[in-house]
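Structure first, then comments.
The values are calculated or read from the model by the stated rules, or taken from the named source; none is laboratory data. Computed from a prediction, not measured in an experiment: that's the story for all the values here. FYI the Cβ positions are ideal-geometry reconstructions off the backbone, even for glycines, and counts take in every protein chain you see.
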Amino acid sequence: MGYKICQVCGKFIRTSSDEEMCETCMDRDTMEYSAVKNYLVSHQGASMAEIYTNTRIPLKTIKRFIQDRRIELR
Ligand SMILES: [Zn+2]
């Protein structure tokens, strides 16, 4: 068991895994990720601003998905 700081909200978390996020942020992250992913499936080539306008997922979160290579924007 080790301690980490959640990369998203800055809360202290106790974890034995490689996760960099607390459970609350993880749940939200999963929801937000599927929303963005779904949007991209039906709107190929969408821009970050377009995704934000239509899904209301914060730009910060979308940028994180791109950085983590979980989504790819053209
Ligand atoms: Zn958190």
Keeping to the stretch 1-39, report how many residues are surrounded by 15 or more Cβ atoms within 10 Å (Cβ to Cβ) and touching a helix residue (DSSP H, G or I) at 6+ places or on another chain (Cβ under 7 Å).
8
Here the residues within the stretch 1-40 that are more than 9 Å from the ligand (Cβ to nearest atom), hydroxyl-bearing (Ser, Thr, Tyr) and either closer than 18 Å to Ile57 by Cα or within 13 Å of the chain's Cα centre (by Cα) (or both) are Thr30, Tyr33, Ser34, Tyr39
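If you check Arg69 against the conditions, is it near the ligand (Cβ under 10 Å from one of its atoms), at pLDDT 90 or above and not β-branched (Val, Ile, Thr)? Break it down stepwise before answering.
Values: near the ligand (Cβ under 10 Å from one of its atoms): no; at pLDDT 90 or above: yes; not β-branched (Val, Ile, Thr): yes.
Answer is no for this residue.
Test Glu50 against the stated conditions and say whether it is touching a helix residue (DSSP H, G or I) at 6+ places or on another chain (Cβ under 9 Å), over 19 Å from Arg69 (Cβ atoms) and surrounded by 13 or more Cβ atoms within 10 Å (Cβ to Cβ).
Working: touching a helix residue (DSSP H, G or I) at 6+ places or on another chain (Cβ under 9 Å): yes; over 19 Å from Arg69 (Cβ atoms): yes; surrounded by 13 or more Cβ atoms within 10 Å (Cβ to Cβ): yes.
So Glu50 fits the description; yes.
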